[in-house]
Amino acid sequence: MQAKDYKQNSKQNVSLLRRFGAILYDSFLLLTALFVAAFLIVIPTDIKPEDSYFFLFQAYIFLIAYLFFAWFWT
């Protein structure tokens, strides 16, 4: 009876194809969030890579990516 209970309670392994699908799905969601976040900054400010404060934009984009994964995986 213990073997039967063990089989019912054990988790099944996820296939590699399903994992790649999840990575692809997460990538699309992240890219969408980054495009929207960048659009909200680039259009009003017309920021360019030559600008002296471009590093703030890069930090902002990195923060958006971090917050996306921190929220999504909790």
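No lab work stands behind these numbers, since they all come straight from the coordinates. Everything numeric here is computed off the predicted structure, so don't read it as measured data. As a convention, Cβ positions derive from the backbone with ideal geometry for all residues, glycine included, and neighbour counts pool all protein chains shown.
Based on other C-beta atoms within 10 Å, arrange I23, I41 from fewest to most.
Ordered from fewest to most neighbouring Cβ atoms within 10 Å, I23, I41 come out as I23, I41.
For region 64-73, take each phi angle, set θ = phi - 60°, evaluate the Karplus expression 6.51 cos²θ - 1.76 cosθ + 1.60, and give the result in whole Hz per residue in order, putting x for glycine and proline.
4, 5, 5, 5, 4, 6, 5, 6, 5, 9
Which residue, Q12, S52, Y25, has the largest displacement toward the positive end of the dipole of the chain when charges sit on each Cβ (Lys, Arg +1; Asp, Glu -1)?
Ranked along the dipole, the leading option is Q12.
Taking region 4-74, which trypsin sites (Lys or Arg not before Pro) meet the DSSP loop condition and have no more than 16 other C-beta atoms within 10 Å? Before the final figure, lay out each step's value.
Working: sites: K4, K7, K11, R18, R19; in loops: K11.
Of the trypsin sites (Lys or Arg not before Pro), the ones in loops of region 4-74 whose Cβ has at most 16 other Cβ atoms within 10 Å are K11.
When only DSSP loop residues count, what chymotrypsin sites (Phe, Trp or Tyr not before Pro) in region 17-74 have their Cβ near at most 15 other Cβ atoms within 10 Å?
Here the chymotrypsin sites (Phe, Trp or Tyr not before Pro) that fit, given the DSSP loop and packing criteria, are Y53, W73.
When the chain is fully extended, how far beyond the present Cα-Cα distance does Y53 get from R19, taking 0.36 nm per residue of separation? Please list the in-between numbers first.
Numbers: separation 34, 0.36 × 34 = 12.24 nm, distance 3.82 nm.
Here the answer is 8.4 nm.
Given the DSSP H assignment, sum -39500 (n - 2.57) over each helix run of at least 4 residues in the chain and divide by its residue total; what's the result at 222 nm in deg cm²/dmol, nearest 500?
Values: 3 runs with 57 residues, N = 74.
When only DSSP H runs of four or more count, the value is -26500 deg cm²/dmol.
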